[in-house]
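> Take a look at this one; I'll ask things after.
The values are calculated or read from the model by the stated rules, or taken from the named source; none is laboratory data. Remember, it's a predicted structure, so these values are computed and weren't measured experimentally. Positions of Cβ are backbone-derived with ideal geometry, glycine not excepted, and every protein chain shown enters the neighbour counts.
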Amino acid sequence: MTDPAGERETPAVTERREVVVVGGGQAGLALGYHLRQHGRDFTILEAAETPAAAWSERWDSLRLFTPGRRNGLPGRPFPGDPDRYPGRDEVVTYLTDYAREFELPLELDSRVRAVRPTDAGYLVELDDRALAAEQVVIATGPFQVPVVPAIAERLDPTITQFHSTAYRNPEQIPDGPVLVVGGGNTGYQIADELVRSHAVHLSVGARQTPLPQRILGRDLFTYLEALRLMRVAVTSRLGSRLQQRETLIGSSPRTARRHGIQLHGRTVGVSGGEVRFADGATVTPAAVIWATGFGLDHSFVHAAVFDSGGRPVHERGVTKSEGLYFLGLPWQHTRGSALLGWVKDDAEFIARRIAEVAERHGAAAQQQAVTR
């Protein structure tokens, strides 16, 4: 069978599941825990060949800005000293062990090509098979499509350049000045590592509010939780304001300058090997790292649940297409919705909704059987 666009053959249905979860990162695993608790028949489809791939693909020295006590998924605290800030590999190990400990049905190397509504629920298409599902959760996370500005194409080809997802360690970087573009936590962390071995320039477009990692000897998130700022709903007046204000945790322009990093305004132009900034300064770098964030790609979801800009329309992950949900989106419900230690709240909520819909469908099926 050919799909409506005539682009590819739709594979035959080989399996049926009550619930299919698309994405095996922290959101999908947290949901899997709750679906297991509810006794649901489900599977988790992960496109990568290894668990926790989104974390595995970050730089070697990455450290979380949340302490261990704040990074646990439901049912299993993050191991080790609860006050330390775990590294990348610790997160990968934790998520891998989490899936194993709770025997979650995680299917690796299973990229979903399309999700389509049907009369009985949804058809989830992969390259070589298709699953029929009563309900589907899109849990592909916020780190989907690396964003690189168009001006990168004008950079001299002799200059090494890549998105921050391809950065691993300073050994990748040739001798000479390095330009890091992006004033978020990623940009500051990478610049701070590279300044020990290179002359580093950091281009900051929009200023972000710097917050210290620790205050009076206690972790910042102790205070944010006490003030309930991590749980402010996006629909509230305060949530609406906070959503527009990104923050730096443990980094600041002042600290960056003290470490020897040269700060500039927004990158506004590229001419051959020269990069120009909004403050009028220029630099001729040997390498450029674009720490310019990510975009979301839900083009594989063929359901009328998006606005004109392609953003999913939902209430706490629940869409108007019954049985179709999103999980792990930035500010899906609160400030912590996309973060490792807080995604469990939305996961529990979605799992309850899935159970309610399943019970309603079951009751309707019984009623039809009685009236026949």
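> Closer than 21 Å to SER337 by Cα, of a type in the set (S, T, N, Q) and either in contact (Cβ under 8 Å) with a residue 12 or more places away in the chain or surrounded by fewer than 18 Cβ atoms within 10 Å (Cβ to Cβ) (or both): is that true of THR267 in this structure?
no
> Looking at PRO79, PRO74, which one is over 24 Å from GLY184 (Cβ atoms), of a type outside the set (Lys, Arg) and in contact with a His (Cβ under 8 Å, 6 or more places away or on another chain)?
On the way: PRO79 fails: in contact with a His (Cβ under 8 Å, 6 or more places away or on another chain).
Residue meeting the stated conditions: PRO74.
> Please find, within the range 218-260, the residue that is nearest to the chain's Cα centre (by Cα) out of those that are over 15 Å from GLY184 (Cα atoms) and assigned to a strand (DSSP E or B).
Going through the qualifying residues, I end up with ALA233.
> Among the residues of the range 353-368, which ones are among the basic types (Lys, Arg) and touching a residue at least 24 places away in the same chain (Cβ under 8 Å)?
ARG353
> Could you list all residues from the range 152-171 that are under 25 Å from the mean Cα position of the chain (by Cα), surrounded by fewer than 21 Cβ atoms within 10 Å (Cβ to Cβ) and not aromatic (Phe, Trp, Tyr)?
Scanning the range 152-171 gives ALA152, GLN161, HIS163, THR165, ALA166, ARG168, ASN169, PRO170.
> OK, next. The conditions are (1) closer than 26 Å to PRO212 by Cα; (2) among the polar types (S, T, N, Q); (3) outside the structural domain of PRO177 (by TED's automatic domain parsing), and THR235 fails exactly one of them. Which is it?
All conditions are met except number (1).
> Kindly indicate which of ARG69, ARG58, ARG40 is out of contact with any helix residue (DSSP H, G or I) (no Cβ under 6 Å at 6 or more places or on another chain), farther than 30 Å from GLU356 by Cα and either not in a loop (DSSP other than H, G, I, E, B) or not hydrophobic (A, V, I, L, M, F, W, C) (or both).
On the way: ARG58 fails: out of contact with any helix residue (DSSP H, G or I) (no Cβ under 6 Å at 6 or more places or on another chain); ARG40 fails: farther than 30 Å from GLU356 by Cα.
The conditions single out ARG69.
> Scan the range 209-229 and tell me whether some residue there is within 18 Å of GLN332 (Cβ to Cβ), out of contact with any His (no Cβ under 6 Å at 6 or more places or on another chain) and aromatic (Phe, Trp, Tyr).
No, the range 209-229 contains no residue that is within 18 Å of GLN332 (Cβ to Cβ), out of contact with any His (no Cβ under 6 Å at 6 or more places or on another chain) and aromatic (Phe, Trp, Tyr).
> Okay, moving on. How many residues does the range 261-302 contain that are in a loop (DSSP other than H, G, I, E, B) and polar (S, T, N, Q)?
3
> So, in the range 96-153, exactly how many residues are acidic (Asp, Glu), part of a loop (DSSP other than H, G, I, E, B) and closer than 29 Å to SER321 by Cα?
So the answer is 4.
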